[in-house]
1. Note down the magnitude of the dipole of the stretch 216-265 about its Cα centre, charges +1 on Lys and Arg C-beta and -1 on Asp and Glu C-beta and zero elsewhere, to the nearest 20 debye.
2. Let me check I've understood the local charge: for Gly211, count other residues with C-beta under 9 angstrom from its C-beta, Lys and Arg +1, Asp and Glu -1. What total comes out?
3. Return the long-range amide H neighbours of Asp22 (sequence gap of 5 or more, or a different chain), with a cut-off of under 5 Å between placed amide H atoms.
4. Could you order the peptides 10-23, 54-67 from most to least packed, using the average number of other C-beta atoms within 10 Å per residue?
5. To check you understand DSSP bridge types, tell me what percent of the beta bridges within the stretch 1-140 (both residues inside) are antiparallel, rounded to 5.
6. Note down the nm distance, to one decimal, between modelled labels 7 Å out along Cα→Cβ at Asp21 and at Thr169.
7. Kindly list the residues of the stretch 1-24 that lie in the label zone of Arg43, defined by a backbone N under 20 Å from the point 7 Å along the Cα-to-C-beta vector.
8. When Rg is the radius of gyration of the Cα atoms in the stretch 67-167 and Rh is its Kirkwood radius, what does Rg/Rh come to?
Amino acid sequence: MSRYVMGIDFGSTTAKTVILDDTGRVLASCVGSMGAVSDEGVRVSTAGALQQAGLTQAEITRTVSTGYGRRMLEIADKSYTEITCHARGAVAMMPQARLVIDIGGQDSKVIAVDERGLLSQFAMNDRCAAGTGKFLEVLARAMAIELEAMGPLALTSTKALQISSMCATFAETEVISLLAEGNHKADVLAAVHAAIASRTVGLVSRVGKRGPVVMTGGVAKNVAAVQSIEQALGMKVHLPPDPQIAGALGAALLALDEMRALDNVPTPAQDMEMDAAMNTARACVTGCKGQPAQEQAVPIWTPKTTTSRAAPAHAAGGD
């Protein structure tokens, strides 16, 4: 009789759910968006995934949660940090990955993995929502355009402009000023995406530039963001079939590991170290005026030597 596991990425703006069978095959995935850290978003996401898989919650053997709201989920048997889950999910989808860039709704993460697919280092943005999906949402409202239209429109730019602030509040004022000066929306948007790319490259420099590079998270669906990061890095950025579900897939694979009692599940102490480092990274800089500043050092977690069993290639399915 088959058994099933579920991974839930309870993010700051969306909830993502992935269901695997006991062979590691992706049976279903669903993204729910119902506002900031919303229980309703999780309900939509899990119900959608269960419906796709033709299962009920009672048939799920084990559930692992990750993301901003991971500790809020009563149905989860265990929770892990986004760093652990995004690294695992990205490598499962694209085993060649050596550097994972994840830009989500509220933070940006750069995760280095070794040739065995094990996490070696990570860095996160160190203040507010600079360069994240939330940053783009604020500017989309300021420019009166749909979020999904930002990327394609930015690619039509013909004039180079510059956004000097990465604070959403200050950047919004700067964008409005540029538009008031008669600049086209496409050119302003290109500058916005270039600023995001510059911010991302700063994070990459803290873990060391390496490749292949894989990008995950909702912002990976923005063509201008991907292209700008490629240009700033001078490297190709690879996209998995569905970059938004990487964290949920990683959580589901960890649930599968636990169900099989494998040896490569991070110990609670290791994951707690990453959790503390992530909380430090998310702290807003005191007295921030929205201007570029020297990156704050963020604790980098280096795993103890462990054995690793690679995720099955078919775990990359479910697109």
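1. On the way: 3 positive and 5 negative charges, 43 e Å.
That gives a dipole near 200 debye.
2. On the way: positive: Arg98, Lys209, Arg210, Lys236; negative: none.
So the surrounding residues net to +4.
3. Excluding prolines and chain starts, which carry no amide H, the hits are Arg3.
4. Numbers: 10-23: 24.4, 54-67: 18.8.
Highest mean packing first, the order is 10-23, 54-67.
5. Values: 23 of 31 bridges.
Roughly 75 percent of the DSSP beta bridges within the stretch 1-140 come out antiparallel.
6. The answer from the label model is 5.3 nm.
7. 7-18
8. Values: Rg = 16.8 Å, Rh = 16.0 Å.
Radius of gyration relative to Kirkwood radius: 1.05.
The values are calculated or read from the model by the stated rules, or taken from the named source; none is laboratory data. None of the values given here were measured: they were computed from a predicted structure. We place every Cβ from the backbone using ideal geometry, glycine too, and count neighbours over all the protein chains shown. To get the accessible areas, we keep the full protein, side chains included, count just its heavy atoms, and leave off ligands, DNA and RNA. Shrake-Rupley method; radii C 1.70, N 1.55, O 1.52, S 1.80 Å.
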